[in-house]
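Visitor: Handing you a structure now.
Computed from the coordinates by the stated procedures, all read-outs in this text should not be read as laboratory data. Bear in mind the structure is a predicted one, so any value in this text is a computation, not a measurement. Cβ atoms come from the backbone with ideal geometry, glycine included; neighbour counts cover every protein chain shown.
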Amino acid sequence: MEIFDRWRAVFILAFLVAACSGSGGGGSSPPPATNPPPAGLFTDSVSYSSAPNASLPSAAQVTSVTHQQITLNGTMLNYTATVGHLSALSPSTQQPEASFFYVAYTLDGAAPATRPVTFFYNGGPGSATVWLHLGSFGPKRLDTGEPNMSGTPPFPLVDNAESMLDISDLVFVDAVGTGFSQAIAPNTNSTFWGVDVDAAVFRDFVMRYVAVNNRTTSPKFLYGESYGGPRTAVLADLLESAGVRLSGIVLQSPALDYNSNCGILDIVLSCTSYIPSYGAVGSWFGFSTPSASVAQLPAFTEEARAFVRTQYEPAIRAFLASGTPPTDAQLTQAANVSGLARAFWVANPNRNPEFYRLNIHPGTLYGRYDGRVSIPNTFPPGQEPDPSSTLIGPSFAQRLVQYLTSLGYTTPSSYTMLGNAIQQWNFRHDGRDLPDTVPDLAAALTQNPRLKVLSVNGYHDTVTPFYTTELDLARIASPNVAVREYVGGHMTYLENSSRRAMKADIVEFYRSALAN
Amino acid sequence: MRIDRLILAAAILLALPLQARQTPAPTFETEMKDPWVPPATRAKAASQPLVAPTRGAALDAQVEAKLRKRFSEAAAADGTMTREQARAAGLGAIAERFDAIDRTGRGAIRFDDYLAYLRSQPAR
């Protein structure tokens with residue numbers, strides 16, 4: 001009898017859950033934070049692979065659709081979460097070329113003609129969009145506690161009070177060979193592993209999404225991070241050319257010109273545009289002289305920029321050209337600003353970011369993506385991990401699977417957080433071995449003079465330093481291009497105070513882009 | 001007893017989708033390291049002469065060359081382009097604004113017509 005009762009309970013529960021869920025949902029949904037997995041879980045039976053030669057035989061375009069709620073600024077919003085695949089079509093043949101995995105959040109009842117839609121993607125190349133999706137402005141975010149990360153992993157997934165859902169629909173899409181996105185035969189994943197082919201297939205996805213979802217008249221925005229910055233520049237040019245007008249572009253810590261970043265080419269390039277970032281990190285730990293408080297960072301970094309612009313960059317140009325070292329005063333100033341011992345600057349006045357993070361303080365290892373994150377350095381030389389990355393990666397991975405399951409999507413495939421595309425990537429672009437995509441962004445602005453660009457950067461990012469990005473974007477000299485800095489690393493949105501500040505700036509940016 | 005079994009069978013059938021196969025743990029094939037390029041790419045790029053970043057007129061010329069190349073690839077051999085040719089080549093922006101670009105109304109435009117149109121657009 002007891003057994004019978006238990007099974008009856010299961011039966012009733014199963015029946016009730018099945019009856020309450022599904023795409024009709026609506027009014028009686030419980031609050032999102034406690035949503036149970038919907039019944040009739042949609043299991044995507046397709047097996048996805050990130051291998052270079054992997055190819056889907058055909059395009060499955062199934063999605064799990066659930067209805068959710070979120071409270072933003074005291075207002076409850078009803079929205080639809082759509083998880084699944086949509087195929088990009090080749091413009092020449094109209095045949096499916098790649099199956100993109102995406103998660104879209106769309107506000108219920110909004111008018112498509114005025115409701116903006118924003119496409120988000122990370123970089124790598126080879127990175128899935130999990131970082132922006134679960135870290136930045138989606139309806140949920142991972143509470144990492146950056147930079148101390150003192151909580152016990154996996155960090156919790158919480159409602160995101162700074163979600164951008166109040167100002168835009170949000171589409172988080174994974175590049176081919178990442179997440180669950182894969183090429184469709186006769187293409188293979190590696191068909192799309194290059195600067196130009198990648199941007200082209202993203203264009204085809206955006207155009208397909210717009211067509212299928214009747215968003216032709218919607219204001220359109222792009223939000224790309226890191227390598228997603230150059231991807232955005234090339235993509236914006238391609239979309240404008242194809243007749244898809246963009247309203248705005250957000251570049252999160254972009255690597256717009258690979259030829260200006262000494263973290264990529266430290267053999268030949270000046271590293272001086274990293275020095276203001278070294279100063280922010282050195283100040284955080286009190287190694288710089290004087291060390292700036294967070295509130296003093298704008299003034300401190302302005303002085304650091306001036307030092308680099310007027311003194312240290314000309315000195316390093318001379319050093320790289322002829323071996324002439326900077327003056328004693330310049331070396332002292334480099335040491336004072338950065339907090340890295342003067343003897344290191346004397347030995348080599350052009351210090352790259354990897355040397356900086358390994359040597360600023362003996363026995364301690366500092367983060368690349370976020371220099372504020374540190375751990376004891378117990379690693380063999382050459383094998384030092386990036387603690388700002390390794391301390392968050394497993395939590396993002398674990399929460400992503402649980403979260404997608406809660407949105408009704410499961411698959412026997414493993415989600416590729418970081419794939420190997422970067423090893424085979426064709427970085428050639430416009431006749432150069434490494435991409436300079438500033439001309440692409442300029443071409444997008446030439447075709448659409450109303451397009452607005454906002455670059456958001458972290459003071460403590462030693463991967464894509466803010467001053468390098470400022471110099472890259474200053475080449476365009478357009479009043480439509482703005483650059484902002486925030487406390488934090490590459491993913492400034494992981495810092496709670498910065499995410500709030502960014503949200504306010506992004507709201508204003510959207511307002512101004514839409515007022516055109 | 002039979003009813004119990006029926007309920008049991010129904011319960012199992014209904015519960016099955018609830019216990020749908022779990023998505024396996026995500027994969028990290030590499031560490032997070034962008035922006036980064038493979039050693040061979042890096043060595044090749046480093047062996048090339050350094051190019052100063054373009055700005056001003058040089059950047060404008062790059063933009064123009066980019067647009068000109070795209071136009072030429074879609075145009076007829078004589079350098080002219082009809083609305084249909086623009087559309088067929090995926091140049092939606094030109095196709096949609098064709099009449100504004102084609103100020104003489106010939107039904108065919110040259111790159112210089114397109115450039116003049118772009119330059120005539122309000123700055124902001």
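Visitor: When a/c is below 1.5 the answer is rounded, else prolate if a/b is larger than b/c, else oblate, so apply that to the range B:56-120 with a ≥ b ≥ c taken from the square roots of the Cα gyration tensor eigenvalues. It would help to have the intermediate numbers written out before the result.
Guide: Values: a/c = 1.89, a/b = 1.44, b/c = 1.31.
Prolate, because a/c is 1.5 or more and a/b exceeds b/c.
Visitor: Let me ask something else. Residue by residue through the range A:90-100, which ³J(HN,Hα) values in whole Hz follow from phi under the Karplus form 6.51 cos²θ - 1.76 cosθ + 1.60 (θ = phi - 60°), with glycine and proline marked x?
Guide: Ordered by residue, 3J(HN,Hα) equals 5, x, 7, 10, 6, 8, x, 10, 7, 9, 8 Hz.
Visitor: Over the range A:269-390, what is the relative contact order in percent, taking alpha-carbon pairs closer than 8 angstrom and at least six residues apart? Mind dumping the intermediate values first?
Guide: Details: 169 pairs, mean separation 29.6, N = 122.
Value for the range A:269-390: 24 percent.
Visitor: What is the order of A:HIS361, A:HIS460, fewest Cβ neighbours within 10 Å to most? Each step should come with its number before you reach the end.
Guide: On the way: A:HIS361 17, A:HIS460 30.
By the 10 Å Cβ count, ascending: A:HIS361, A:HIS460.
Visitor: Another question, if that's okay. List the lysines whose Cα lies under 30 Å from the Cα of B:LYS44, skipping any in the same chain that are fewer than 8 positions away.
Guide: Hits, sequence-local ones excluded: B:LYS33, B:LYS66, B:LYS69.
Visitor: Select from A:PRO125, A:VAL453, A:TYR79 the residue farthest towards the positive end of the dipole of the protein assembly as shown; place +1 on Cβ of Lys and Arg, -1 on Cβ of Asp and Glu, and compute about the Cα centre.
Guide: In the protein assembly as shown, that residue is A:TYR79.
Visitor: Measuring from centroid to centroid over Cα atoms, what is the spacing of the range A:390-424 and the range A:187-259 in Å?
Guide: A separation of 22 Å, based on Cα centres.
Visitor: Using amide H atoms built in the peptide plane, which far-off residues or other-chain residues are under 5 Å from A:SER87 H to H?
Guide: Placed amide hydrogens put A:PHE100 under 5 Å from A:SER87.
Visitor: Still on this structure: Let's see if you can work this out: charge +1 on each Lys and Arg Cβ, -1 on each Asp and Glu Cβ, no other charges. What is the dipole magnitude of chain A about its Cα centre, in debye to the nearest 20? It would help to have the intermediate numbers written out before the result.
Guide: Values: 30 positive and 39 negative charges, 97 e Å.
For chain A, the charge dipole is close to 460 debye.
Visitor: Cα to Cα, under 16 Å, and not fewer than 8 places away if on the same chain: which aspartates and glutamates meet these conditions relative to A:LYS140?
Guide: Reachable aspartates and glutamates: A:ASP159, A:GLU162, A:ASP166, A:ASP169, A:GLU495.
Visitor: Could you give each residue of the range A:443-450 its phi-based ³J(HN,Hα) in whole Hz, using Karplus coefficients 6.51, -1.76, 1.60 with θ = phi - 60°, and x for Gly or Pro?
Guide: So the Karplus estimates, Gly and Pro as x, are 5, 5, 5, 5, 6, 9, x, 8 Hz.
Visitor: Just from its helices, what would the mean residue ellipticity at 222 nm be for chain A, if runs of 4 or more DSSP H residues each count -39500 (n - 2.57) and the sum is divided by every residue, rounded to the nearest 500 deg cm²/dmol? All intermediate terms of the calculation are to be shown ahead of the outcome.
Guide: On the way: 16 runs with 173 residues, N = 516.
Helices in chain A give a 222 nm mean residue ellipticity of -10000 deg cm²/dmol.
Visitor: Among A:PHE155, A:TRP193, A:ILE167, whose Cα lies farthest out toward the positive end of the dipole of the range A:127-214, if unit charges sit on the beta carbon of Lys, Arg (+1) and Asp, Glu (-1)?
Guide: The residue sitting most towards the positive pole is A:TRP193.
Visitor: To continue, here is another question. For the range A:391-404, just list the computed ³J(HN,Hα) in residue order, Karplus coefficients 6.51, -1.76 and 1.60, θ = phi - 60°, integers in Hz, with x standing in for Gly and Pro.
Guide: 7, 10, x, x, 5, 4, 5, 5, 5, 4, 4, 4, 5, 4
Visitor: With +1 on each Lys and Arg Cβ and -1 on each Asp and Glu Cβ, how big is the dipole of the range B:56-120 about its Cα centre, in debye rounded to the nearest 20? Numbers along the way, then the final one.
Guide: Details: 11 positive and 10 negative charges, 15 e Å.
Dipole about the Cα centre, nearest 20: 60 debye.
Visitor: Could you give the dipole magnitude of the range A:253-325 about its Cα centre, charging the beta-carbon of Lys and Arg +1 and that of Asp and Glu -1, in debye to the nearest 20? Walk me through the numbers on the way to the answer.
Guide: Details: 3 positive and 5 negative charges, 16 e Å.
It comes to approximately 80 debye.
Visitor: Can you sort B:ASP99, A:ASP257, A:ASP433 by how many other beta carbons sit within 10 Å, fewest first? Kindly include the intermediate steps, with their values, before the conclusion.
Guide: Details: B:ASP99 10, A:ASP257 26, A:ASP433 20.
So the ranking, lowest neighbour count to highest, is B:ASP99, A:ASP433, A:ASP257.
Visitor: List A:PHE466, A:PHE155, A:PHE285 from most exposed to least, where exposure is judged by having the fewest other Cβ atoms within 10 Å. Mind showing how you got there, number by number?
Guide: Values: A:PHE466 27, A:PHE155 23, A:PHE285 16.
Neighbour counts put them in this order, fewest first: A:PHE285, A:PHE155, A:PHE466.
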